[in-house]
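Here is the structure we will look at.
Each reported figure results from applying straightforward, stated rules to the coordinates on display, with no laboratory input. No experiment lies behind these values; they were computed from the predicted model shown. Heads up, the Cβs are rebuilt from the backbone with ideal geometry, glycines too, and the neighbour counts pull from every protein chain shown.
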Amino acid sequence: MDGIKLAEYVLKIIRQRESQIVDSISSGNVNSMEEYKYSIGALSELRSLEQDLKETLQRYDIDE
């Protein structure tokens, strides 16, 4: 598996996890403020990771 395919796979997994968290929050499945804060923190980190990966892929495309 080359690097681009691996990165695309990782992006897919990140987006799936983001969707799961958003669905959980919006459907009211969060039982406490601590769980809510944890979910928001996890969502923030996933989005940051997604952005970093996208930027890296863009630089890779430019370099080639």
Next on the checklist: For Cα extents along the principal axes in Å, pick the label among (1) 34, 24, 21; (2) 29, 26, 15; (3) 48, 18, 14 that corresponds to the value derived from the coordinates.
Outcome noted: (3)
Item to check | Inter-probe distance in nm under a simple model that places probes 7 Å from Cα toward Cβ, at GLU34 and SER48 | outcome: 2.2
Item to check | Value at 222 nm in deg cm²/dmol, rounded to 500, when DSSP H runs of n ≥ 4 in the chain each add -39,500 (n - 2.57) | outcome: -31000 deg cm²/dmol
